[in-house]
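Everything on this sheet refers to the single structure shown next.
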């Protein structure tokens, strides 16, 4: 998974990390085990992708409500983007 | 002593040994929004977020030398009946019970509790799932510019089960059973924006303080005036009616003398027409009462003659010294101090980001 700069304090400043799972949500859960607190910065307590976050698997955007059902293959690259709106 | 100054872009500690010379430190949580930073019994808790990554709490037990994020930050329960998700931790209050802290949310107006000095947090279900929650709180969210807030969480130092919380908007509420049951406490408090100007709830308290030397005495700076309540009475008195007519009694903070229950400070603002929230006529001044709100005196010596800043509700505080020190931060990034109980003021820090909170630490 490619990690945007605001989240790299959770990943030891790594811009790319590897996670296990067959869905986006499972990969996030695995990364949370590796980097405690990571998942809650990406999704809220109801499992919804936080505002201004966007996820791709490969070059395909992931539906905001489909993190738990969007499949991730063994060699897929997942990109997490966070808009830096505001001043 | 340190002042903990939370801003739109991080937390600064401003230190002093003698209250004459002040040193502005390097920023903590640079770039993050710090809504509140509070020190208590060797622990400092910071309510922070980047604005996009959701709310969290950081904690330090070495005076800010090192920080750890709460391993379970404040949040509504997963599967919450209303699907609520917390946007911001807005307010932090320590209890006198060892390790117990409360956090107020904005928004939705949730209440959360930690029993381990801020490491793990749980929803206070007596409040968040109260049968009247959807009626008392601004829900569905009505989207005031900064969201709907739960603030001014107060724990009675004589009885940790006796709590007050206030909603902006929504009013003030009391619990006598540790947060399981709640009741409105708004008699006498105006809400002149409603068809009924004195409703049971729905008012807009901006800050409520309990006097540390007289826990039966509460002071409130409200959207519609300044009030005092001496328990067990239940009807607030509008002591702001005694403010000079040309100044009025609208503002955000109200701060108390640590020993004298009759002394309180406010920072009045312009609440006319478009609510610019700057000082009246752009002439900054604090006002003090030394008789419980019967009379008020202007305190502006040393402040700029004209200035157009705002002092937010958590951005004014007092220390415990004698004479009492009073401090406030402005939306233009200045920190002002008085070490003679408001008789004179000087700027001790400038060029910081917009200041949201000032507390002694």
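The values are calculated or read from the model by the stated rules, or taken from the named source; none is laboratory data. On a predicted model such as this, the values are computed, not experimentally measured, just so you know. Here Cβ is always computed from backbone atoms with ideal geometry, including for glycine, and neighbour counts include all displayed protein chains.
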query: Restricting the search to segment B:176-189, which residues are within 14 Å of residue B:131 (Cβ to Cβ) and surrounded by fewer than 22 Cβ atoms within 10 Å (Cβ to Cβ)?
result: B:180, B:181, B:183, B:184
- request: Working carefully through the options B:61, B:88, find the one that is under 30 Å from residue B:215 (Cβ atoms), more than 8 Å from chain A (Cβ to nearest Cβ) and modelled with pLDDT of 95 or more.
  value: B:61
message: Looking at segment B:91-121 only, could you name the residues that are within 14 Å of chain A (Cβ to nearest Cβ), surrounded by fewer than 23 Cβ atoms within 10 Å (Cβ to Cβ) and not in a loop (DSSP other than H, G, I, E, B)?
response: B:120
- prompt: So which of B:287, B:227 is part of a strand (DSSP E or B) and touching a helix residue (DSSP H, G or I) at 6+ places or on another chain (Cβ under 9 Å)?
  reply: B:227
- prompt: Which of the residues that make up segment B:122-173 are farther than 25 Å from residue B:197 by Cβ, over 16 Å from the mean Cα position of the chain (by Cα) and in contact (Cβ under 8 Å) with a residue 60 or more places away in the chain?
  reply: B:157, B:160
task: Could you tell me whether any residue of segment A:22-30 is closer than 22 Å to residue B:32 by Cβ, within 9 Å of another protein chain (Cβ to nearest Cβ) and not in a loop (DSSP other than H, G, I, E, B)?
output: no
- prompt: Can you spot a residue in segment B:233-246 that is over 19 Å from residue B:272 (Cα atoms) and free of Cβ contacts under 8 Å to residues at least 40 places away in the same chain?
  reply: yes
- request: Confirm whether residue B:306 is at pLDDT 95 or above, at negative phi and in a loop (DSSP other than H, G, I, E, B).
  value: yes
statement: Apart from one, (1) facing chain B (nearest Cβ under 7 Å); (2) surrounded by fewer than 16 Cβ atoms within 10 Å (Cβ to Cβ); (3) part of a helix (DSSP H, G or I) all hold for residue A:40; the odd one out is (2)
message: Can you tell me which condition residue A:84 does not meet? The list is (1) more than 25 Å from residue B:119 (Cβ to Cβ); (2) within 14 Å of chain B (Cβ to nearest Cβ); (3) under 12 Å from the mean Cα position of the chain (by Cα), and all the others hold.
response: (3)
message: So residue B:139 ticks every box in (1) within 14 Å of another protein chain (Cβ to nearest Cβ); (2) at pLDDT below 95; (3) surrounded by fewer than 20 Cβ atoms within 10 Å (Cβ to Cβ) but one. Which box is left unticked?
response: (1)
message: Among the residues of segment B:10-49, what is the count of those that are within 22 Å of residue A:50 (Cβ to Cβ) and surrounded by fewer than 19 Cβ atoms within 10 Å (Cβ to Cβ)?
response: 2
statement: All-but-one check, residue A:34 against (1) within 30 Å of residue B:108 (Cβ to Cβ); (2) away from chain B (no Cβ under 14 Å); (3) surrounded by 13 or more Cβ atoms within 10 Å (Cβ to Cβ), failing number (1)
query: Residue check: is residue B:29 under 15 Å from residue B:357 (Cα atoms), in contact with a strand residue (DSSP E or B) (Cβ under 7 Å, 6 or more places away or on another chain), in contact (Cβ under 8 Å) with a residue 24 or more places away in the chain and within 11 Å of another protein chain (Cβ to nearest Cβ)?
result: yes
message: Suppose we keep only residues that are in contact with a strand residue (DSSP E or B) (Cβ under 6 Å, 6 or more places away or on another chain) and within 14 Å of chain B (Cβ to nearest Cβ) within segment A:4-21. Which one would you say is modelled with the lowest pLDDT?
response: A:6
field: From the options B:295, B:317, B:330, residue that is touching a strand residue (DSSP E or B) at 6+ places or on another chain (Cβ under 9 Å) and surrounded by fewer than 16 Cβ atoms within 10 Å (Cβ to Cβ)
entry: B:295
